[in-house]
Amino acid sequence: MAFPVPAHLPRKKDPQDVSTAILTKVSEATTKSLNAQLAASWVAELDDTIRQTRERIHERIQRDLPAFEQQWSSSTSIQERLQTLSSNVDQLSHNLSGPETGLIPTLISHLTWHAALAQDVLNAEVKHKALSYLLKCRDKFQNATSFVQSGKLPEAMNACDDLECILESPPSPVDRAEVISDMKRSYRALRARTEEQLTDAYSRSVTVSSSELAIRDAVQVRQSDTILPLSSILLSLPPPSLSTHLSTLRRDLTSHYVDFIMKQPTSVSVTTDKDVTGTPEHKLSIFPAPPDSEPLSSRLDNLSLVLKFLDTHLFPNLPASEQKGFPVSLCKPVWSAVLSNLLVPSLPSSPDALPAFLDLTNQAVEFEGAFVVDILGGNAQERDIKTWVEAIGLHYERKRRVEILDHARAIILRTDNGRGTFSVEIDVTLDTTEAREQEPTSSSVSTSFKPTIPAPVPDPPVQDDGPDAWGFDDGPSQEATEDPADGDGWGFDDDIEPEGEPEQQQLEPQPEERTSRPSGQAPESGDVDPSDAWGWDAETSSPTLAGDETTDTSVWDDPWDEQPSKPVKISAVPKPAKRLEKLSAKGSSMKLRQESTSSASCAPAPTSPTPAKPHTPATPQLVPPPPPARMKETYVVSGFTKELLQLVEAILQEGANLASSGVLSAYSPASSPSGSIISQSAPLVLDLFRALYPVAHQPDFDASPKRSMRFSNDCLYLGNELKGIVAKTNMNIPVIIIKLQDGVERLKLVGNSWFDETIDRQCRHIDEILDKAEGFVDTTDQDRFDECEAAVSQVLQHIRRLANDWKSVLNKSKYYVAIGAAADAALSRILRDILAIPDITEAESHRLSELCRIMNALEGLFVEDPNQPSFVVPYVPSWLKFSYLSELLEASIADISYLFEEGALVDFEIDELVKLVRALFADTPLRTNTINKFLRGHPAPS
């Protein structure tokens, strides 16, 4: 890269010649400076420059004069030679391009004459070739026409082929001529006429109808005296036309003489006559025979006659290219017809018809070897009929399996109107605690009741189904010892025992006052019955459900010995009254009730209750349980289940009979012994029931909780009955036994799952109803209170409707579990919403307590005898907690603190108690001390 010259340094001026310098001076002169003297100086300067240039030139020549003279002489010589060359070139151009004697004009004229002569010769040759081609085409066309007119159709087809070859390659001068187009049209018409006559001759040689197949050895061409044999006709037909005719013939033979003969009884006859020309005519006629007028084997004989007829009169006349291919093309239709129209439809549905059918299959195998393989040329290694017959045991059993499953599907999809239901009765054994400890498969039950119940209930009975028990217990039984109820409870049964007697007064609660409440004492339960306010009277008479439970005992005859879907919390916690001086009276009353434990009636046993949390009531006296007793419970099952069970038993019996008969032993593979596929249909029926029934009847399940529960009963009943069927079956196929046992377990699982799902669905519906209460906030507003009251009442009515529906289908034990879960869902939601309210005023607490007491009517669902206490606590884990909540809403902070110290509030979490106290009471040192006491945890049990 060059070093840049700084801008401040002077630049070297470009050299200028004389003329440029003078012109520069002229351009720089202005009008003022330009004058004659300045112009004269410029002229003088130019003259001086010219003179100096001449002097330099002359000096240069003089310095090297010999070289100058030599160059001068050379230039002169070159100039002379150039002039000579120019003259010679001009002469040569004249000789070449002269218009008269020039070489080029003369050559062009001769070439033009030669080209004209060559064109004349070419025209003559082309004309000769075209005329020769046209003459040849005319001769060929006349020859083909004469053959057609005389009826020599095979020669005419050959002539047409030759003419076609000639017309396909015309000479170039005539390929677009009109005569060629006319000749091609004439050729196409001639060929079409020839093919038409051949087709007519073929149609008169081979005639196929639904009742007759006629083959003539030769026919006379129409409008001629020529007689053509069938072989010549078939050989002369063009390949596309021949292929079309043979395809049509194969279709007609398959339809009218193969499939038709295999589908129904027919009569086949073969005759030979002569027409007017003396040509033999062979006819094969078929006539439908009366149904069941002949054995099935006669159909194979009839088809044999057809194949023999074709082999004698048709196959030998076929062209060499089709003599092997056309018969082979009939193999597949014959195989298919024998299998699809004869063997498969006649496959029997009972083992008694198998021997006769096996004879038919043996004849079919012989027919295949003699006709399909030998006559038609089928592959001896691919014998479809023989292969099918060798596996006839599988085909028979698969057909029976399809029929069995179709029958099962019809049973399952049948509309269930509930008219065919029946009751199932089972025995329930009531054992002692020791017996329960020895039988881990039984359900261990312990009940706990409200503190207001006069006498505590002894240890409840244990359900035992004996050898047919379902075994729903998932683990060892848990036992919970009931604490004696305190005589001075919260007064939920005040309408049964009104105030008056001293002992009854001790058993009744005294609604506690809030210290800040100006209105004084809350209304007593004996004064105003909350259930009477709603017109239910659930505690005394229970017109909706309790009366039904005491009178209609036909639906409680068969327990299910099943654990509930979730454990039940048992807590028999005495609730102390506001007045602490009543504690001594409650203690004495509790002792009296403990002494009378043995005379109390047993409540229906809930399953798998959770042990109660520790609390502080007096230690109960352990009373020996009553001796073992037996009771009966019933549940309702759909009538179609009997049909399914009968079908399963029939399947297993049929499979066993088939295996013992040995009829199909030789036709069954070693991997699938005779009778195994039919027997495997039994678990498939169960699979079909589980898969199809819930889907097909889902609208019924959604519309009716009763219907959904009955499906649970159906599954459990089927599983229980199938256990007995599996136990008494003498089948020696372990796979089927395992599948049946697996089906039993799956049915049990579906039944239990559907039971839980139905309960969960109703619990979700209850939750949706309670969403209308919007968390029970702002109940001081009358409109909001009415909305909350309507939601709670709607939930109560819904649970009662569920009780009516489920009581008619479920056994007693499961009924109380189901209805207890629905009630617990409602109470838990109300508890959760109320405990979540951050601030509860005094008026709101009264109204919330009133809303809670509406749900007290649910206790009537768990009363069978009005003279006996209810057993709501084991089935509704939230019952005691909910009962306490309705009283805590109107209790003073001192009463709440006392109940906490006595361990009566163990059902509440610490944070729930803290939130409730903060919502109910103002921020005072007493509230702070109480909350701090709560935060230290529940007191340890004494």
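Of Phe326, Phe287, Phe315, Phe309, which residue is among the aromatic types (Phe, Trp, Tyr) and surrounded by fewer than 17 Cβ atoms within 10 Å (Cβ to Cβ)?
Phe287
Considering only the range 326-337, I want to know if a residue exists there that is within 30 Å of Lys399 (Cα to Cα), at pLDDT 90 or above, hydrophobic (A, V, I, L, M, F, W, C) and not in a helix (DSSP H, G or I). Yes, there is a match, as at least one residue in the range 326-337 is within 30 Å of Lys399 (Cα to Cα), at pLDDT 90 or above, hydrophobic (A, V, I, L, M, F, W, C) and not in a helix (DSSP H, G or I). So, in the range 698-722, how many residues would count as being more than 15 Å from Asp756 (Cα to Cα) and crowded, with 19+ Cβ neighbours inside 10 Å? The total comes to 6.
Residue-wise test of (1) over 30 Å from Leu198 (Cα atoms); (2) in the same structural domain as Leu190 (by TED's automatic domain parsing); (3) surrounded by 11 or more Cβ atoms within 10 Å (Cβ to Cβ).
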site: Glu80; (1), (2), (3): yes, no, no
site: Leu85; (1), (2), (3): yes, no, no
site: Ile104; (1), (2), (3): yes, no, yes
site: Ala124; (1), (2), (3): yes, yes, no
site: Lys127; (1), (2), (3): yes, yes, yes
site: Leu135; (1), (2), (3): no, yes, no
site: Asn143; (1), (2), (3): no, yes, yes
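Inside the range 656-677, residues that are surrounded by 15 or more Cβ atoms within 10 Å (Cβ to Cβ) and either within 28 Å of the chain's Cα centre (by Cα) or outside any helix (DSSP H, G or I) (or both) make up a count of 7. For first residues located in the range 299-325 and free of Cβ contacts under 8 Å to residues at least 24 places away in the same chain, partners that are surrounded by 16 or more Cβ atoms within 10 Å (Cβ to Cβ) and assigned to a helix (DSSP H, G or I) and lie 6+ apart or on another chain with Cβ distances below 7 Å form the pairs Phe315/Pro327; Gln323/Phe315.
Among the conditions (1) crowded, with 17+ Cβ neighbours inside 10 Å; (2) touching a helix residue (DSSP H, G or I) at 6+ places or on another chain (Cβ under 7 Å), Leu692 misses just one, which is (1).
Considering only residues in the range 253-274 that are touching a Leu at 6+ places or on another chain (Cβ under 9 Å) and part of a strand (DSSP E or B), the one that is surrounded by the most Cβ atoms within 10 Å (Cβ to Cβ) turns out to be Val268. Within the range 368-411, the set of residues being surrounded by fewer than 20 Cβ atoms within 10 Å (Cβ to Cβ), in contact with a helix residue (DSSP H, G or I) (Cβ under 7 Å, 6 or more places away or on another chain) and among the β-branched types (Val, Ile, Thr) comprises Ile375, Ile392, Ile411. For the condition buried (at least 24 other Cβ atoms within 10 Å of the Cβ), in contact with a Pro (Cβ under 9 Å, 6 or more places away or on another chain) and under 15 Å from Gln762 (Cα atoms), Tyr875 does not qualify.
To keep it simple, each residue is scored yes or no on (1) in contact with a His (Cβ under 8 Å, 6 or more places away or on another chain); (2) in a loop (DSSP other than H, G, I, E, B); (3) over 21 Å from Ser209 (Cα atoms).
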residue: Phe309; (1), (2), (3): yes, no, no
residue: Pro316; (1), (2), (3): no, no, yes
residue: Pro319; (1), (2), (3): no, yes, yes
residue: Pro345; (1), (2), (3): no, yes, yes
residue: Pro348; (1), (2), (3): no, yes, yes
residue: Ala356; (1), (2), (3): no, no, yes
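Is it the case, given these coordinates, that Ser224 is assigned by TED's automatic domain parsing to the domain that holds Leu310, surrounded by 15 or more Cβ atoms within 10 Å (Cβ to Cβ), among the small types (Gly, Ala, Ser) and closer than 15 Å to Asn317 by Cα? The answer is no for Ser224. It is to be established whether one or more residues within the range 275-282 are assigned to a helix (DSSP H, G or I), in the same structural domain as Val328 (by TED's automatic domain parsing) and touching a residue at least 40 places away in the same chain (Cβ under 8 Å). Checking the range 275-282: not a single residue is assigned to a helix (DSSP H, G or I), in the same structural domain as Val328 (by TED's automatic domain parsing) and touching a residue at least 40 places away in the same chain (Cβ under 8 Å).
In the set (1) closer than 30 Å to Val179 by Cβ; (2) of a type in the set (S, T, N, Q); (3) in contact with a helix residue (DSSP H, G or I) (Cβ under 7 Å, 6 or more places away or on another chain), the condition left unmet by Ser97 is number (1). If you go through the range 838-853 and keep only what is surrounded by fewer than 20 Cβ atoms within 10 Å (Cβ to Cβ) and under 49 Å from the mean Cα position of the chain (by Cα), you end up with just Pro838.
Checked against the criteria, Ile854 does not count as aliphatic (A, V, I, L, M), out of contact with any strand residue (DSSP E or B) (no Cβ under 7 Å at 6 or more places or on another chain), at pLDDT 90 or above and not in a helix (DSSP H, G or I).
Given the options Arg193, Arg176, name the one that is part of a loop (DSSP other than H, G, I, E, B) and farther than 29 Å from Val258 by Cα.
Working: Arg193 fails: part of a loop (DSSP other than H, G, I, E, B).
Every option except Arg176 fails the conditions.
Within the range 230-241, the set of residues being buried (at least 17 other Cβ atoms within 10 Å of the Cβ) and closer than 22 Å to Leu284 by Cβ comprises Leu230, Ile233, Leu234. Checking each residue of the range 169-178 against the condition of being among the β-branched types (Val, Ile, Thr) and touching a residue at least 60 places away in the same chain (Cβ under 8 Å) gives no match.
Given the criteria under 26 Å from Glu633 (Cβ atoms), part of a helix (DSSP H, G or I) and either assigned by TED's automatic domain parsing to the domain that holds Ala353 or free of Cβ contacts under 8 Å to residues at least 12 places away in the same chain (or both), does Leu749 qualify?
For Leu749, the condition - under 26 Å from Glu633 (Cβ atoms), part of a helix (DSSP H, G or I) and either assigned by TED's automatic domain parsing to the domain that holds Ala353 or free of Cβ contacts under 8 Å to residues at least 12 places away in the same chain (or both) - is met.
The values are calculated or read from the model by the stated rules, or taken from the named source; none is laboratory data. This structure is a prediction, so every number in the text was calculated from the model and none was measured. Glycine gets a Cβ as well: all are built from the backbone with ideal geometry, and neighbour counts include every protein chain shown.
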